[in-house]
Amino acid sequence: MDVVPAAIDDALRRTIANGGRVCVLTGAGMSAESGLPTFRGTHDSLWSRFDPMRLATAEAWREDPALVWGWYRWRMRLVRDAQPNAGHRALAALAQRVPLSLVTQNVDDLHERAGSIVDAHVHGSLFALRCFACGRAHDGPLDDYVDGVQRIEPMRCAACGDRIRPGVVWFGEALPEAAWASAVSAAGRCALMLVVGTSGLVYPAAGLPALARRHGATVVEINPEPTALSAEADHVWRTTAAQALPLLVR
Ligand code: OAD
């Protein structure tokens, strides 16, 4: 489908005409057309190939840090080798035309590399490395990486000697406070929310569209598949991020 559904086109035009804000909430589907795997839904998605309880919790880290670090080093490498897609670029262009807040669940940096300012990385950032024990940021170079998924002993903190962990939110951990506050504020004051490429299964992030709606926003879902959030969207557009967003911005 190469036209914007009329109701969605109208919602964006109305928002711009009234000086309203747009909030975009993105998930893993946003980066799928850049070649990064999503977490759920396909045979090669991350959580169908790997057990999140062995790789994405603080307990898993304590149990086997080399396993966890090696897996995240592999994911960092996938991101480093990927490029922003037309959808990422379209969102950067949209922000030039309308006040826009970008809230992402993604831990990659493809929005930034497409020229966007990300208001909130609610699940953290892969490359925002910090010490597991003292929390000190680690901004030195990454250790050597060997191809594929394998165990790699994590680097050590220059301050306390504990291990350096990826800057992501693991299951059971709280979201970064400032990022979450920005996300709630963005959702609460937008006139239009675009929900792009998320299954809407992980809370509290998945609660942001309902919050926007309670504050009067129109909610549009862009996703090739129905999701847990579809029922509460005002409009759904069953297509991909890299197809829809350039059309919407044009
Ligand atoms: P999921 O993997 O749960 O969902 C990806 C969504 O993207 C699905 O609804 C797909 O239909 C959709 N999708 C796939 N390809 C697409 C495309 N080209 N364009 C648009 N949509 C597409 O990813 P998230 O919802 O982001 O948490 O997952 C939420 C959280 O669960 C993640 O942030 C991560 C994970 O565990 C943490 O790491 C804390």
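Taking the Cβ of Leu142 as the centre, find all other residues whose Cβ is under 12 Å away and add up their charges (Lys, Arg: +1; Asp, Glu: -1).
On the way: positive: Arg73, Arg77, Arg80; negative: Asp139, Asp143, Asp144.
Every neighbour counted, the sum reads 0.
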Compute the separation of the alpha-carbon centres of the range 105-142 and the range 182-217 and state it in Å as a whole number.
-> 21 Å
Go through the range 28-37 residue by residue and turn each phi into a ³J(HN,Hα) via Karplus (6.51, -1.76, 1.60, θ = phi - 60°); whole Hz please, and just put x for glycine and proline.
-> 4, x, 4, 9, 4, 7, 8, x, 8, x
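Whole number please: convex hull volume per residue of the Cα set in the range 104-250, in Å³? Display every interim value, and only then the final one.
Values: hull volume 22.0 nm³, N = 147.
Each residue corresponds to 149 Å³ of Cα convex hull volume.
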Loop-located trypsin sites (Lys or Arg not before Pro) in the range 63-118, at most 14 other Cβ atoms within 10 Å (DSSP) = Arg97
For the range 84-156, what's the radius of gyration and Dmax over Cα atoms, in angstrom?
-> 15.7, 46
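For Glu225 and Ala159, what does the FRET efficiency come to when R0 = 51 Å and r is the distance between their Cβ atoms, rounded to the nearest 0.05? Write out the running numbers ahead of the final one.
On the way: r = 45 Å, r/R0 = 0.88.
My answer for the efficiency is 0.70.
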Amide hydrogen neighbours beyond the local backbone of Met193, cut-off 5 Å, H modeled = Cys23, Thr218, Val219, Val220
For the residues Glu177, Glu221, Glu33, Glu232, what sequence is obtained by ranking on other C-beta atoms within 10 Å, fewest first?
-> Glu177, Glu232, Glu33, Glu221
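What per residue convex hull volume, in Å³, comes out for the range 10-88 when only alpha-carbon positions are used? Write out the running numbers ahead of the final one.
Working: hull volume 10.7 nm³, N = 79.
It is 135 Å³ per residue.
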What is the helix-to-structure angle for 177-189, meaning the angle in degrees between its Cα long axis and the longest Cα principal axis of the chain, kept from 0 to 90 and rounded to the nearest 10?
-> 10 degrees
Amide H partners (placed H, <5 Å) of Arg136, local residues excluded | Cys131
Here the range 191-200 yields Karplus 3J(HN,Hα) values (6.51, -1.76, 1.60; θ = phi - 60°; whole Hz; Gly and Pro given as x) of 8, 9, 10, 9, 10, 10, x, 10, 6, x
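Provide, as a two-decimal number, the C-alpha radius of gyration of the range 192-250 over 2.2 N^0.38 Å, N being how many residues it has.
Values: Rg = 11.0 Å, N = 59, 2.2 N^0.38 = 10.4 Å.
The range 192-250 yields a ratio of 1.06.
Which length gain, in nm to one decimal place, applies between Arg54 and Ala128 when the Cα-Cα distance is subtracted from 0.36 nm times their residue separation?
Values: separation 74, 0.36 × 74 = 26.64 nm, distance 2.12 nm.
Here the segment from Arg54 to Ala128 would lengthen by 24.5 nm.
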If each residue's Cβ is checked for other Cβ atoms within 10 Å, how do Phe171, Phe127, Phe39 rank with the fewest at the top?
-> Phe171, Phe127, Phe39
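So what is the 222 nm mean residue ellipticity for the chain from helices alone, if each DSSP H run of at least 4 adds -39500 (n - 2.57) and you divide by all residues, rounding to the nearest 500 deg cm²/dmol?
Details: 10 runs with 85 residues, N = 250.
Estimated from H runs of four or more residues: -9500 deg cm²/dmol.
Please report the antiparallel percentage of DSSP beta bridges with both residues in the chain, rounded to the nearest 5. Walk me through the numbers before you get to the answer.
Working: 6 of 27 bridges.
Around 20 percent antiparallel, to the nearest 5.
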HN-Hα J in Hz across the range 158-173 - Karplus 6.51, -1.76, 1.60, θ = phi - 60°, x for Gly and Pro | 5, 7, 10, x, 6, 8, 8, 10, x, x, 9, 8, 8, 4, x, 9
Set of the range 213-240 residues, backbone N closer than 19 Å to the point 7 Å along the Cα-Cβ line of Val3 | 235-240
Long-range amide H contacts for Gly124: which residues qualify at under 5 Å (H placed 1.01 Å from N, peptide plane, sequence gap of 5 or more or a different chain)?
-> Val169
Relative intensity, log₁₀ I(q)/I(0), of the chain from a Debye sum that treats every alpha carbon as a point, q = 0.08, 0.10, 0.17 Å⁻¹ | -0.31, -0.49, -1.27
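Would you kindly work out the equivalent ellipsoid of the range 19-143 from its C-alpha gyration tensor and give its semi-axes, the square roots of five times the eigenvalues, largest first in whole Å?
Numbers: eigenvalues 155, 61, 35 Å².
Semi-axes, largest first: 28, 17, 13 Å.
Since every read-out is calculated from the coordinates, none of them should be taken as a lab result. As the structure is a prediction and not an experimental result, all values here were calculated from the model. Because the Cβ atoms are built from the backbone with ideal geometry, glycine has one as well, and the counts that use them run over all protein chains shown.
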